[in-house]
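Following: one structure in structure tokens, then a few remarks.
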Ligand code: NAP
Ligand code: 3JN
């Protein structure tokens, strides 16, 4: 495009697992960048990162880092967002935030472009990216919600350790080796919570992601419940979640039971999913073809399969939903929002 408007872009958390994927996508997508600022904590300040063949030096993030910035992508944890995003907005930046900090703030749109892109324009400086487990589920359910309506969702997740950061990946690999070599396993990181109690993740399934709430659900489960209602803009939606960490490195999987409001036809459901943006239907039991974390890893889509009618509820459906938690679950969803903003400003 000639005379394409270019933007000054800041990536906060540029040295992290999500930040790395954001940079990769900005380069691959040829995002219209004028100047790129890479920000981290003091720990990584001075680190060199090459972006499109040009070496950039990572700087420690502080409020004045955002002078002249048009678009800031945050993935450095909720406390960093709370400390710096308002300062970035004051300086004229639009912030796309990957953390929980503003997701439930009524003034902050919570966006999955395939579901509620129209709400982006309501932002007052900050746009929130939902939790990874929420994103892939609502993307898969949106075509069904629009066609039949949804009463109730019961979801169980099987979440990869990369969702808990690079130290959790290291922990899984270390523990796997320890078990295979017959050594004692000493859990150190998972589950991430304020308590010192840790559990083995290698060869295990841990039914706790984030800290427990007073109602017995974990924070990850409550994020899924609250965020789904906000994104679907439906307070009557009944959502139950059980979130489980499993020994997979990349790719969250979900077993989703959904009760629809209207009768459905399974072949029409398949067609709706096939036609939906960002969804790949992979559902051929005759050839044992269904979504797998190993195959979804590194890809931007949400993969859906194992579609089947419930045996008891006449309007219920079961499905298996898999996506790369660092891509559609975080970096790709954020870059999609950034592309929307950039395209709006071209006009
Ligand atoms: P990570 O690999 O641990 O990276 C954390 C990044 O934040 C690093 O670049 C780190 O810089 C930076 N950072 C830490 N403290 C900072 C500070 N005070 N000021 C500026 N930068 C600071 O973690 P990650 O897996 O990339 O996840 C980062 C955050 O993204 C999470 O905390 C979470 O809020 C969000 N996230 C969201 C989803 C989702 O579901 N949408 C998924 C995963 C993560 P240093 O190198 O200097 O330490
Ligand atoms: O554990 C996972 O698989 C997803 C984790 C997401 C996460 C981890 C630490 C802090 C979040 C999130 O995105 O909700 C946060 C947070 O921003 O609170």
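Across segment 127-187, the volume of the C-alpha convex hull divided among the residues equals 128 Å³ per residue. Of the peptides 89-101, 257-269, the order by per-residue mean of other Cβ atoms within 10 Å, starting with the highest, comes out as 89-101, 257-269. Cα centroids of segment 123-158 and segment 10-30: 24 Å apart. Averaging sequence separations of C-alpha pairs under 8 Å and six or more residues apart, then dividing by the length of the chain, give the relative contact order as a whole percent. Relative contact order for the chain comes out at 17 percent.
Dividing the helix sum by the residues of the chain, where each DSSP H run of 4 or more adds -39500 (n - 2.57), gives a mean residue ellipticity at 222 nm of -9000 deg cm²/dmol. Radius of gyration (Cα atoms) of segment 1-43, expressed as a multiple of 2.2 N^0.38 Å: 1.27.
Residue exposure proxy: 23, 272, ordered by other Cβ atoms within 10 angstrom of their Cβ from fewest to most, comes out as 272, 23.
Convex hull volume of the C-alpha atoms in segment 139-257, normalised per residue: 107 Å³.
Among 311, 219, 26, the largest mean-square fluctuation in a Gaussian network model of the chain (Cα springs under 10 Å) belongs to 311. In plain terms, if you count all Cα to Cα distances in segment 47-191 and split them into 10 Å steps from zero, the share in each step is 10, 27, 29, 23, 11, 1 percent. For segment 292-347, the Kirkwood radius over C-alpha pairs fed into Stokes-Einstein at 37 °C and 0.692 mPa s yields D = 243 µm² per second. Our summary of shape: the Cα atoms of segment 204-337 have principal axis extents of 41, 35, 35 Å, ordered from largest down, in whole angstrom. Using a Gaussian network model on the chain with a 10 Å cutoff between Cα atoms, which of 191, 207, 106 fluctuates the most? Among 191, 207, 106, the largest mean-square fluctuation in the Gaussian network model of the chain belongs to 106. Estimated at 0.36 nm per residue, the fully extended path between residue 234 and residue 195 surpasses their Cα-Cα distance by 10.6 nm. Once the convex hull of all Cα atoms in segment 205-250 is built, its volume per residue stands at 85 Å³.
Ordering of 125-133, 247-255 by packing is 125-133, 247-255, highest average first (other Cβ atoms within 10 Å, averaged per residue).
Here segment 275-334 and segment 68-106 have alpha carbon centers that stand 30 Å from each other. Computed over Cα pairs, the Kirkwood radius of segment 13-119 leads via Stokes-Einstein (1.567 mPa s, 4 °C) to a diffusion coefficient of 89 µm² per second.
Normalised by 2.2 N^0.38 Å, where N is the number of residues, the alpha-carbon radius of gyration of the chain equals 1.01.
Here, each number is a calculation from the coordinates, and none is a lab measurement. Predicted model only: the values in this text are computed from it and were never measured. Positions of Cβ are generated from backbone atoms using ideal geometry, with glycine treated the same way; all protein chains shown enter the neighbour counts.
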